[in-house]
1. Which of the residues belonging to region 12-31 are surrounded by 15 or more Cβ atoms within 10 Å (Cβ to Cβ) and over 8 Å from the mean Cα position of the chain (by Cα)?
2. If a residue has to be touching a residue at least 12 places away in the same chain (Cβ under 8 Å) and either loosely packed, with under 13 Cβ neighbours inside 10 Å or within 10 Å of residue 9 (Cβ to Cβ) (or both) to count, how many in region 32-41 make the cut?
């Protein structure tokens, strides 16, 4: 049975979230299309928020 790929917008959000959690800059967004870029930035914002909310400061 073949596995179905995730929706491209879901994948963009997930990649943005990972980038935000990893401390990457939002300027590093790899997407050019408005929809994908918007999703990536939304994920990035959530990742940054969680990183600063839940991880202890060093």
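No value in this document is a laboratory result; all are computed from the given coordinates. Only a predicted model underlies this, so the values are computations on that prediction, with no experimental measurement involved. Note: ideal-geometry Cβ built from the backbone for every residue, glycine included; neighbour counts use all protein chains shown.
1. Result: 21, 24, 29, 31.
2. The qualifying residues number 4.
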